[in-house]
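In what follows, a single structure is set out as structure tokens and then discussed.
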């Protein structure tokens, strides 16, 4: 029975990741294919070819993104973008949503930004308990000015869904920066701590080992 259980677990460990990967890829492809609905019906691939080709939506999305990027990166396109943003900034509700979304996007995708690129270890939700967090900001303006501490802003994700979590501000001296990258930290969070990233301790660092 132990041997049978071993084979069964090995089969599950093989097929579950494969099944989840196929499911997520299929979901992504189907989602991207919906962008083809932006085209007039007469110019859609299934109309012109007579049959549907999965994945064309991804190609269309890439073409639109690259085309928009090329347009926005040159002088004339930049003027158009500035005019468009100026128009949106005159609309009260749209202005708040657009400016916030733009600031978040610039923070996440900027090469010079350190947001969500550094993994931290903090004592949370209380002293003696430790959790993973991602650095989001180091300049906190009024919050920093009104505090007696050198604070940084961090995002503490929940598990197994790291897209939700808590935004907290902690003293800089109370955080420990880890060597693991964001992808490794996300794998650890999603797996409920089962997947631990490999790590080789640098010379001079004493590693605390427990007996559990």
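Brief remarks follow.
- Checking 62, 71 one by one, the residue that is modelled with pLDDT of 75 or more and within 22 Å of residue 22 (Cβ to Cβ) is 62 and no other.
- Within region 189-206, not a single residue is over 29 Å from residue 13 (Cα atoms), at pLDDT 90 or above and within 16 Å of the chain's Cα centre (by Cα).
- Hey, residue 140 in contact (Cβ under 8 Å) with a residue 24 or more places away in the chain, in contact with a strand residue (DSSP E or B) (Cβ under 8 Å, 6 or more places away or on another chain) and crowded, with 18+ Cβ neighbours inside 10 Å or not: no
- With respect to the stated conditions, residue 134 fails to be in contact (Cβ under 8 Å) with a residue 60 or more places away in the chain and touching a strand residue (DSSP E or B) at 6+ places or on another chain (Cβ under 8 Å).
- Filtered residues of region 153-168 (kept if assigned to a strand (DSSP E or B) and surrounded by fewer than 12 Cβ atoms within 10 Å (Cβ to Cβ)): 167
- Among (1) in contact with a strand residue (DSSP E or B) (Cβ under 9 Å, 6 or more places away or on another chain); (2) surrounded by 13 or more Cβ atoms within 10 Å (Cβ to Cβ); (3) within 25 Å of residue 200 (Cβ to Cβ), the one test that residue 176 misses: (2)
- A count restricted to region 117-137 and to residues that are loosely packed, with under 15 Cβ neighbours inside 10 Å and farther than 15 Å from residue 172 by Cβ stands at 7.
- Hits in region 38-90 - residues which are within 30 Å of residue 100 (Cβ to Cβ) and not in a helix (DSSP H, G or I): 74, 89, 90
- Long-range neighbours under 9 Å by Cβ, at least six apart or interchain, first residue closer than 29 Å to residue 61 by Cα within region 11-29, second part of a helix (DSSP H, G or I): 28/58; 29/57; 29/58
- Leading residue by the ranking (modelled with the highest pLDDT) among those in region 126-140 that are more than 21 Å from residue 196 (Cα to Cα) and within 25 Å of the chain's Cα centre (by Cα): 136
The values are calculated or read from the model by the stated rules, or taken from the named source; none is laboratory data. Predicted model, so just to flag it, every value in this text is computed and none were measured. Cβ: placed from backbone, ideal geometry, glycine included. Neighbour counts: every protein chain shown.
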